[in-house]
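Notes follow the structure.
The values are calculated or read from the model by the stated rules, or taken from the named source; none is laboratory data. Predicted model only: the values in this text are computed from it and were never measured. With ideal geometry, Cβ positions are generated from the backbone for all residues, glycine too; neighbour counts draw on all protein chains shown. When the accessible area is computed, the model is the full protein with side chains, heavy atoms only, and any ligands, DNA or RNA have been set aside. Shrake-Rupley method; radii C 1.70, N 1.55, O 1.52, S 1.80 Å.
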Amino acid sequence: MSNYHIKHLEEYFQVYRKSVRNPESFWEEVAEEHFLWRKRWDNALSWDFSKPEVKWFEGAKLNITENCIDRHLNTRGDKTAIIFEPNDPNEAAQHITYKQLHDRVCRFANVLKEQGIQKGDRVCIYLPMIPELAISVLACARIGAIHSVVFAGFSSTALSTRINDSDCKMVITSDGSYRGSKTIDLKGIVDEALEDCPSIQSVLVVKRINSDIQMKEGRDHWLQPLLDEAYHDCEPEIMDSEDPLFILYTSGSTGKPKGMVHSSGGYMVYTAYTFKNVFQYRENDVYWCTADIGWITGHSYIVYGPLANGATTVMFEGVPSYPDFGRFWEIVDKHQVNQFYTAPTAIRALAKEGVDYVEKYDLSSLKVLGTVGEPINEEAWHWYDDNVGKKKSPIVDTWWQTETGGIMISPIPFATPTKPTYATLPFIGIQPALMDENGKEIKGNQVDGRLCIKFPWPSMARTIWGDHQRYKDTYFSAFENMYFTGDGALRDEVGYYRITGRVDDVIIVSGHNLGTAPIEDAINEHPAVAESAIVGFPHDIKGNALYGYVILKDTGEYRRHDNLRKEINQLITEQIGPIAKLDKIQFTQGLPKTRSGKIMRRILRKIASKDTSNLGDTSTLLNPEVVQEIIDNAL
Ligand code: WT7
């Protein structure tokens with residue numbers, strides 16, 4: 001038996017040692033014993049971080065949906081695969097069994113084929129958290145089409161940028177979505193985006209809110225009638241292990257979003273294996289991750305990881321505050337959830353509303369609690385531990401990234417003793433390194449540095465769609481022969497890792513990864529704006545909020561216009577989405593710049609955080625006098 005399910009700390013250390021001593025044979029054993037391959041691989045791993053090139057299970061043939069659905073049909077056909085909990089608590093939840101999932105994915109896959117989608121084509125999915133989102137993802141994977149899910153909170157501009165970057169042939173969307181007491185006109189956003197997307201040939205529309213929408217003749221099709229006519233079985237397309245499974249965009253510190261490309265075989269093996277161990281999932285458990293499938297957390301730990309283990313996974317359409325702040329706990333009680341995985345920002349928002357909402361419900365089914373997306377502060381950690389877990393459910397603080405595909409540093413519940421704010425130990429097979437600014441590895445404990453990974457793991461992204469050079473420059477150039485994460489971390493006296501945050505120009509707001517450059521680009525489009533700089537500052541609930549410094553072309557004319565702040569945020573909402581709106585906007589005469597013209601964000605960050613006692617060395621500034629002006633007018 002391979003070490004598929006780790007239960008004790010000793011076992012963790014033993015398996016970890018094995019996994020790093022001989023990674024190839026370790027992952028081969030896991031892959032061989034727990035998955036369905038149509039053909040075995042010729043070579044477990046080949047890699048070269050200098051190119052960079054990484055291939056896992058080369059030559060193997062598989063289809064991930066066969067692993068996530070078909071192979072469970074004999075043993076778990078009538079087991080619930082997906083529990084759908086609608087936005088409105090009065091609408092009935094749906095329980096979709098593995099058999100039903102098979103039927104729905106196959107029909108959807110046949111519709112895609114009839115619409116001319118073939119292996120390798122890109123399909124953009126822009127849907128709310130309804131079953132069709134998971135089903136369309138799986139339907140693409142069924143026929144080897146590459147899905148590119150765009151979070152349905154993104155604006156039409158953000159959507160069209162992503163569609164065009166990978167030349168998607170189709171968009172799958174809905175007439176609209178529910179979000180708490182509001183409805184959102186998703187189809188309208190798609191129509192706007194598509195004015196600018198020549199590669200799109202067809203749009204499939206799910207009916208969700210029964211709104212009156214425009215359907216463009218020849219391009220747009222209601223999904224349901226097509227599904228009704230489609231055949232209920234569809235042979236899976238047999239894929240190479242290294243064939244792309246999906247593209248998922250993530251913000252970078254500069255320029256346009258990066259389309260991270262994930263593989264089929266390695267991604268499957270790693271997400272399934274991490275899911276099993278990090279959540280200690282057992283047959284008949286009900287697992288719930290509150291993320292949206294528009295993010296990597298949803299791809300790996302709502303869809304692929306859970307289904308590859310034959311698990312029951314909850315999909316929630318709504319928001320934590322509707323109809324009131326007890327909604328999460330009501331759902332845990334209603335579906336007897338055993339593993340609950342959410343983000344620090346949600347925990348902080350709910351903690352603020354008090355424990356009464358939590359205490360109304362029976363949470364005794366919970367066994368494991370998880371958090372992801374940003375560093376969790378000590379207060380939120382304890383609130384979660386005390387009030388949700390009642391001090392008996394270990395908290396897994398899972399550190400990972402869109403780029404890593406799966407969880408990289410995390411406790412294994414009931415094995416690794418937890419420590420508030422620490423993601424603790426590297427997961428099996430993961431070899432972290434802390435690096436200093438001169439590119440040297442910092443050995444030993446009680447140290448901090450830039451977090452890198454020394455050795456490939458199966459679910460790492462293989463490239464950036466259409467821009468391999470950027471992939472190399474972003475992740476493999478800062479430190480030789482290392483994958484650089486962009487995060488800083490410290491290692492304590494026993495070797496536990498604590499992630500301290502981004503060391504680049506990415507800011508994590510409410511767990512969303514936002515690059516400064518695209519936001520600045522949006523602001524600079526305002527006719528009154530000459531230049532801008534965005535930094536993050538600490539925020540009680542969001543973790544970080546955005547602070548914008550804006551230079552106007554004509555200060556006299558615009559300074560008094562309060563509307564200008566609104567207009568700037570409106571532009572950001574249009575270009576990126578409401579998640580990127582600024583909390584504070586300070587109009588200024590200048591920005592601190594180095595002699596080479598680079599904005600010194602370090603100084604701006606300190607001012608935004610009201611920490612101006614020690615601004616560090618400002619002698620290299622071209623214009624040191626602006627610093628005092630900015631401090632005097634800080635918000
Ligand atoms: C960045 C990646 C991975 C799913 C969600 C985010 C930060 C993520 C943690 C954690 C501290 C964390 C890092 C990372 N982050 N998890 N447990 N503790 N920081 O995916 O949007 O690609 O963002 O989120 O800064 O680099 P993402």
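Here are a few things to note about the model shown:
- Selected residue (only one of ALA349, ALA433 is away from the ligand (no atom under 13 Å from the Cβ), over 17 Å from TRP288 (Cα atoms) and in a strand (DSSP E or B)): ALA433
- Restricted to region 227-245, and to residues there that are charged (D, E, K, R) and either at pLDDT below 95 or out of contact with any strand residue (DSSP E or B) (no Cβ under 6 Å at 6 or more places or on another chain) (or both), the residue that is nearest to VAL205 (Cα to Cα) is ASP228.
- Cβ separations smaller than 9 Å between residues 6+ apart or across chains give the following pairs from region 19-39 residues that are of a type in the set (D, E, K, R) to residues that are assigned to a loop (DSSP other than H, G, I, E, B) and buried (at least 18 other Cβ atoms within 10 Å of the Cβ): GLU28/TRP41; GLU29/ASN3; ARG38/ALA60; ARG38/ASN63; ARG38/PRO236; LYS39/ALA60.
- Contacts under 6 angstrom Cβ, first residue in region 390-418 being of a type in the set (S, T, N, Q), partner more than 12 Å from the ligand (Cβ to nearest atom) and not in a loop (DSSP other than H, G, I, E, B), 6 or more apart: SER393/VAL368; SER393/LEU369
- Number of the exception - GLU441 against (1) open to solvent by less than 30 Å² (accessible area, probe 1.4 Å); (2) away from the ligand (no atom under 16 Å from the Cβ): (1)
- Qualifying positions in region 462-497 - basic (Lys, Arg) and either within 12 Å of the ligand (Cβ to nearest atom) or assigned to a helix (DSSP H, G or I) (or both): ARG470, LYS472
- Residue that is farthest from TRP41 (Cα to Cα), among those in region 246-256 that are crowded, with 22+ Cβ neighbours inside 10 Å and touching a Gly at 6+ places or on another chain (Cβ under 9 Å): SER251
- Residue within region 403-411 that is open to solvent by 10 Å² or more (accessible area, probe 1.4 Å), farther than 30 Å from ARG282 by Cα, within 13 Å of the ligand (Cβ to nearest atom) and not in a loop (DSSP other than H, G, I, E, B) present: no
- Number of positions in region 276-301 that are in a helix (DSSP H, G or I) and within 12 Å of the ligand (Cβ to nearest atom): 7
- Every pair of residues 6+ apart whose Cβ atoms lie under 9 Å, when the first sits in region 210-237 and is farther than 16 Å from LEU186 by Cα while the second is part of a loop (DSSP other than H, G, I, E, B) and among the basic types (Lys, Arg): GLN224/LYS207; PRO236/ARG38; GLU237/LYS119
- Checked against the criterion of being over 30 Å from THR75 (Cα atoms), away from the ligand (no atom under 16 Å from the Cβ) and at pLDDT 95 or above, region 367-381 contains not a single residue that satisfies it.
- Within region 154-181, considering residues that are of a type in the set (A, V, I, L, M, F, W, C) and in contact (Cβ under 8 Å) with a residue 60 or more places away in the chain, the one most open to solvent (accessible area, probe 1.4 Å): PHE154
- In region 11-88, counting only strands (runs of 3 or more DSSP E) that sit wholly within it, the ones holding 3 or more residues that are surrounded by fewer than 20 Cβ atoms within 10 Å (Cβ to Cβ) span 43-48.
- Selection of region 277-306 for residues being in contact with a helix residue (DSSP H, G or I) (Cβ under 8 Å, 6 or more places away or on another chain), over 22 Å from VAL149 (Cα atoms) and open to solvent by 10 Å² or more (accessible area, probe 1.4 Å) yields only VAL286.
- Qualifying residue in region 218-237 (condition: open to solvent by 50 Å² or more (accessible area, probe 1.4 Å), closer than 30 Å to GLU58 by Cβ, of a type in the set (Asp, Glu) and part of a strand (DSSP E or B)): no
- Residue check, ASP397 open to solvent by 10 Å² or more (accessible area, probe 1.4 Å) and in a strand (DSSP E or B): yes
- Pairing each residue of region 99-115 that is open to solvent by less than 50 Å² (accessible area, probe 1.4 Å) with any residue that is β-branched (Val, Ile, Thr), provided the two are 6+ apart or on different chains, yields C-beta distances under 6 Å for LEU101/ILE69; HIS102/ILE69; VAL105/ILE135; PHE108/ILE135; ALA109/ILE143; LEU112/ILE143.
- As for region 316-339, it holds no residue that is within 16 Å of the ligand (Cβ to nearest atom) and either more than 26 Å from GLN100 (Cα to Cα) or of a type in the set (Ser, Thr, Tyr) (or both).
- Only one of LYS391, LYS360 that is farther than 27 Å from TYR178 by Cβ, away from the ligand (no atom under 16 Å from the Cβ) and surrounded by fewer than 22 Cβ atoms within 10 Å (Cβ to Cβ): LYS391
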